[in-house]
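Step one of this worksheet: look at the structure below.
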C-alpha cells in the first residue's frame, strides 16, 4: 500500500465538519465486500462511542439508495470505500479520480458511481472522495481475501484516527435506511451475480 493515501485520508477526515463514510460492495462476491467490511470495522472500532459529526452507512451493491440519508445528514464530505480494479497488487489502497471511472464498469448500479458522486456534490453540496481497494478474488461465494481484509482494516483505522484528531472530537452514528444495509450486516466484482467493482 502506498503511504501517500494515508496522510490524505486522515487529513480529510479530520478536517470534515460533517462526514459520511459509505461502504459499498456485494457481500457474496469475495473481495467486492471490501467497502462493507471496512465500514463494519469502523463500527467495531468505535466500541459504542458516537461522533456527532460523522455517520457510517452501508449500501451494499446499491449505493444510490443512500442518497436520502446522506441528504438528511448534510455532510461536508462523503467518503465512499469500494473495491476498485487497477493494475496494483491485491490489497493496494488508492484514491480513484472521478475522471478515471469508466461508465461501463459499474453496470449493476442503477447509476454509475461517477454519476452518484456528481449527484451528491450537485444537489447536497458536500465533496465526494472515492477510496478504492484492489481486489484479489471476486468470484461468487468466495471469502474476503487476506490482503483485502488487512487493507480494509488499515483504512478503517486511519478513518478512526482522523476522527479522533478532529477538533470536533468524540462524540459516528451508524445507520441504515430503506434500500441499504445496516452497518452490522455481514459484508463484495461480480462473478455470477451482483455488481462489478469500480474500474478506474
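Miscellaneous remarks
- Pick from the stretch 61-80, criterion within 30 Å of residue 147 (Cα to Cα), touching a helix residue (DSSP H, G or I) at 6+ places or on another chain (Cβ under 8 Å) and surrounded by fewer than 20 Cβ atoms within 10 Å (Cβ to Cβ), ranking: modelled with the lowest pLDDT: 64
- Residue satisfying condition, being closer than 17 Å to residue 119 by Cα and crowded, with 24+ Cβ neighbours inside 10 Å, within set 36, 24, 58: 24
For every residue, the table says whether it meets (1) closer than 26 Å to residue 137 by Cβ; (2) in a loop (DSSP other than H, G, I, E, B).
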residue	(1), (2)
31	yes, no
36	yes, no
39	yes, no
43	yes, no
48	no, yes
57	yes, no
70	no, no
87	yes, yes
94	yes, no
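- Single match in 122, 192 (criterion: at pLDDT below 90 and surrounded by fewer than 16 Cβ atoms within 10 Å (Cβ to Cβ)): 192
The values are calculated or read from the model by the stated rules, or taken from the named source; none is laboratory data. Everything quoted here is computed from the prediction, not taken from an experiment. Don't worry about glycine lacking a Cβ; one is built from the backbone with ideal geometry, like all the others, and counts go over all protein chains shown.
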